[in-house]
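Have a look at the structure below before the remarks.
Please treat every number below as a calculation from the coordinates, not as lab data. Worth saying up front: this structure is predicted, and the values here are computed from it rather than measured. Using ideal geometry, Cβ is built from the backbone for each residue, glycine included, and neighbour counts are taken over all protein chains shown.
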Amino acid sequence: MAPWLTGREVRSVDLLAPAGPKYAGLERLAGRLIEGVGRRGKFLLMPLSGGLELVAHLGMTGVIADHAPDARASTHLRVKVELSGGDPGTLFFIDPRRFGRFLVVDAGHYPTLPTLAALGPEPLGDDFTHTGLAAACARSTMPIKAYLLSQRPVAGVGNIYADEALWRAGIHPLTPAAWLGEDQVAALHAAIREVLAAAVAAQGTTLSDYRTVRGGTGEYARQLLAYGRAGEACPRCGTEMERSVVGQRGTTHCPTCQPAPGAARPTVSAARSRAGAERARDPKAARRAAPPRGGKGGA
């Protein structure tokens, strides 16, 4: 996105959604030069000439594209920005479920964006350390998954990547953050970095609507080991994965690898023996033991 937008002047802006705080300040965008493209957590930050900043958040289904949407997606087009400097000369912001934001603010001034103002450190940056994560967790009794989704201990961990990191770290998603031991925090820190580095390299996770700027799909769905696998065999121990709701978000975990807070952790060999017995009783379980699936397609 940065090579495409940096140095381009905004010629005009068409707001195709109802005006409101999600699209505030767009009348100030025309005539401004886009000086770069940065990111904090899930927010895209584009500094503009004149001390302004374009802030975009894709929400759950938003897409920023350099090409016109197809007939189906065109009904969800919210903002169209015409740019100077040749093709592709139009930025399209498409947002089917309307959870996204696309607004102009004074640079670095986020009174209407409290989540952005309170973001934790970048997960792949040097400021994100396991000691810092331990200190943040010690201050909260929220379930660890809900705490990660709040963006306060670390920026950019959404529902998919929280499930993946917690599974890799062997931590139950309902464990109060302050209950995590030093080894658990270190494992979670490493898992977050591992998962997000791989997801960035794969250009994200496409499950239904998400697309890259050029219209491609994110390929990390092929690497998912926990998210969306409820009812299937755990790739590590073979126990059937379970679904729950944490922080109003669908959540998948392994009851063996991620025991409930206070529960004893079964050995992997015992779990595999139990899973084998369950598959012998249930022929359908063999299908649930298949390797991780490929992407579902969509954005």
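Apply the Karplus curve 6.51 cos²θ - 1.76 cosθ + 1.60, θ = phi - 60°, to the phi angles in the stretch 96-108 and return the couplings in whole Hz, x for Gly and Pro.
x, 9, 6, 8, x, 9, 7, 8, 10, 10, 5, 3, x
Could you order peptides 139-147, 194-202 by the average number of other Cβ atoms within 10 Å of their residues, highest first?
Values: 139-147: 19.8, 194-202: 16.9.
Highest-to-lowest ranking by the protection proxy: 139-147, 194-202.
What length, rounded to one decimal in nm, is gained on full extension from residue 60 through to residue 72, with 0.36 nm per residue of separation minus their alpha-carbon distance?
So the chain would gain 2.6 nm between residue 60 and residue 72.
If you take the C-alpha gyration tensor of the stretch 27-69, multiply each eigenvalue by 5 and take the square root, what semi-axes do you get, largest first, in whole Å?
20, 14, 9
From the backbone phi of the stretch 131-139, what are the Karplus-calculated ³J(HN,Hα) couplings (6.51 cos²θ - 1.76 cosθ + 1.60, θ = phi - 60°) in whole Hz, Gly and Pro given as x?
6, x, 5, 4, 5, 5, 5, 5, 8
Find out how many positive minus negative residues lie around residue 161, taking Lys and Arg as positive, Asp and Glu as negative, among other residues whose Cβ is under 13 Å from that of residue 161.
+2
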